[in-house]
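For reference, the structure discussed in these notes is given below.
Each value in this text was obtained by applying a stated rule to the coordinates, not by laboratory testing. Because the structure is predicted, anything quoted here is derived from the model rather than measured. As a convention, Cβ positions derive from the backbone with ideal geometry for all residues, glycine included, and neighbour counts pool all protein chains shown.
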Amino acid sequence: MTAKKITKKSKKTAAKKAALKPKTAVKTAVKKTAAKKISTKSLWRVGKSTVHGRGIFPTADIARGERIIEYKGERISNTEADRRGDDAAGDAHHTFLFAISEKVVLDASRFGNEARFINHCCSPNCEAEVKRGRVYIYAKRKIPANAELFYDYSYVTDDSYSDAELRRLYPCRCGSPKCRKTIAAVGKARQQSW
Ligand SMILES: [Zn+2]
């Protein structure tokens, strides 16, 4: 009985989402996982990335599940994100926009912190999680000091694009053996659940 109820609800949410999602490319959290440890230490430094521009590196070993940094930014509507996304057209590999719900997007280009320098990888050592309207980056596995941090940006964008078009528009060259050849979410992962 409960299962039926949940299915109905999630279908409704999916329809609503399709109508309200920003049309510009925005980062999203891939999945929500179990309880995490919250660290009070400053665990990272900014350095030259091995893949793109600046990157974030841990200053000490990080335990699996440890919270590393919050992804901060100005809270804007998805309509405003679309407007700003158009302004930034031309650099498809780099957005500071992170969708935290079907209506709210964080823009780290304003009031953002160093978390915006963490790069994308298809087999990342970190993951982003939305908790009570805020985004945190957690260690997905044990990470040794000085290994660059990555999470999966899992871009969601205009539903009219095919997976092939997304691969052309937002190519990924992260070098992972599991690289899906795009920073965008493809296949089932496109059905983002907020
Ligand atoms: Zn990749």
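Annotation: amide H of Ala184 within the under-5 Å range of Tyr155, sequence separation 5 or more or interchain, hydrogens built in the peptide plane.
Relative contact order (percent) for the range 22-189, with alpha-carbon contacts under 8 angstrom and 6 or more residues of separation? Once normalised by length, the contact order is 30 percent. What pairs in Lys27/Lys140; Lys23/Lys103; Lys142/Lys181; Lys72/Lys142; Lys48/Lys131 have C-alpha atoms more than 20 Å from each other? Lys142/Lys181; Lys72/Lys142; Lys48/Lys131, as the Cα separations exceed 20 Å there.
The Cβ shell under 12 Å around Glu70 holds other residues with a net charge of +4, Lys and Arg each +1, Asp and Glu each -1.
A full extension of the chain between Ser123 and Glu74 corresponds to an added length of 14.8 nm, given 0.36 nm per residue minus the alpha carbon distance. Toward the positive end of the charge dipole of the range 43-194, with +1 on the Cβ of Lys and Arg and -1 on the Cβ of Asp and Glu, the farthest Cα among Cys121, Tyr170, Ala60 is that of Ala60. Just to verify a number: FRET efficiency for Ala60 and Asp158, C-beta to C-beta distance, R0 = 45 Å, to 0.05? Efficiency, rounded to the nearest 0.05: 0.65.
Note on the range 104-194: Cα Rg divided by 2.2 N^0.38 Å, N the number of residues, gives 1.14. Label-to-label distance for Lys103 and Arg141 is 3.9 nm, based on points extended 7 Å past Cα in the beta-carbon direction.
Relative to its residue count, the range 22-189 spans a Cα convex hull of 114 Å³ per residue. In this rough spin-label picture, where each label sits 7 Å from Cα along the Cβ direction, the Ala189-Glu165 distance is 2.0 nm.
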